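Here the structure is laid out as C-alpha cells; the discussion comes afterwards.
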Amino acid sequence: MRFRVLSLAGASLLLAAATAVGLADPAMAAPTFKVPFPCGQSWSGQTRSDHSPANAIDFNRTDDLGDPVVASAPGTVDRVTDLGGTSYGKYVRIDHGGGFTTYYAHLSGFNVSVGQTVGYGTVIGYVGTTGGSTGPHLHYEQRSGGSDIQIRFNGTLALYWGTKTYTSDNACSGGGTGAGTVNTAGSALTVRSGPGTGYSSVGTVADGASVTIYCQTTGTSVSGTYGTSNIWDRIGSGRFISDAYVYTGYDGFIPSVPRC
C-alpha cells in the first residue's frame, strides 16, 4: 500500500495508527522465493524495461522445451489456465498468502490442479512456448496485491535490467530428492562431471554407499547391476552416476525426483 505523505506529522500519525491496530509491514510478509527450477540447475534470466509486465523475468537454457518448472515458494495453486495462442498461454498461479502470488507462463503442460498445496521443489508444469511466445522459455512473475513487483530470490533483488545466470537452490535441503544405494558387486563407482561416460571423472562412490539423488536426466547408456539404462543421477553439484548401478526401488525414473 502506498500513502501520500502530507507532512512529517501526518506520517507519524499514520505510523502510530498502523502500529496500534497491529498492521504488518507488507515487505515483512513476503515468503522466501527460490529460483523456479530444480536444485542445482542454472538458467539465464532476462529482464527488460519493455517487458509486459516490466518486472517479469524470462528464463532460458539450451534445449529447455519440456524441462520441469517448480514452485518457487510454498502455497496453494489457484489458477491452472490455458489461454490458447494468446497472452500467457498455459499458465499456473500460486497463492503464497499475504497477498503474494507467482505466475508461471507459456508452459507446455501442467502437473498440478487448482486447490493443490505445493512446497519448494514441487513440479507444477513444464517449459513451453504457448500463448504469445516466440520460442520456449518460462515467463515468471512475483506479485503483491495483484501488482507485479521486482523479483527477489532468497531476498536478493534480481538484475534489472539485463541478463544474469541464476543457479537454483530450490529444495536442495531434501525436498523433492530421492535415495539410492550403490551396488557394483565390489568395485567403486566412477562419478562423472556430467550425465555420460564421456564426461570427466570427478571421484568415486564406494560399493554399498547411500546417495541422495537431487535430479535425474538421460545420457550415455550403461549396462550395470540393474540392466542397461540411460538414466543418470545427480548426487551433488557437477556429480553424476549411472542409475544402472543404483538401487532406488524404481525401474526407471523416481516419481518424486525432478528431471535435471
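The values are calculated or read from the model by the stated rules, or taken from the named source; none is laboratory data. Everything numeric in this text was worked out from a predicted model, so none of it was measured. Neighbour counts run over all protein chains shown; Cβ positions are idealised from the backbone, glycine included. Quick note on the areas: whole protein, heavy atoms, side chains included, nothing else; ligands and nucleic acids left out. Shrake-Rupley method; radii C 1.70, N 1.55, O 1.52, S 1.80 Å.
Of the residues that sit in the range 233-247 and are outside any strand (DSSP E or B) and open to solvent by 20 Å² or more (accessible area, probe 1.4 Å), which one is modelled with the lowest pLDDT?
237
Look through the range 116-135, keep the residues that are open to solvent by 50 Å² or more (accessible area, probe 1.4 Å) and outside any strand (DSSP E or B), and return whichever of them is nearest to residue 259 (Cα to Cα).
Initial filter on the range 116-135 (open to solvent by 50 Å² or more (accessible area, probe 1.4 Å)): 116-117, 120, 126, 129, 132, 134.
In the following step, the residues that additionally are outside any strand (DSSP E or B) were identified as 116, 120, 129, 132, 134.
Details: 116: 21, 120: 15, 129: 19, 132: 26, 134: 24 Å.
Only one residue fits best here, namely 120.
Residue-wise test of (1) part of a loop (DSSP other than H, G, I, E, B); (2) open to solvent by less than 20 Å² (accessible area, probe 1.4 Å).
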| position | (1), (2) |
| --- | --- |
| 34 | yes, no |
| 40 | yes, no |
| 44 | no, no |
| 49 | yes, no |
| 54 | yes, no |
| 59 | no, yes |
| 62 | yes, no |
| 73 | yes, yes |
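So residue 101 clears everything in (1) out of contact with any Phe, Trp or Tyr (no Cβ under 7 Å at 6 or more places or on another chain); (2) surrounded by 15 or more Cβ atoms within 10 Å (Cβ to Cβ); (3) assigned to a loop (DSSP other than H, G, I, E, B) except one condition, right? Which one?
Every listed condition holds for residue 101 apart from (3).
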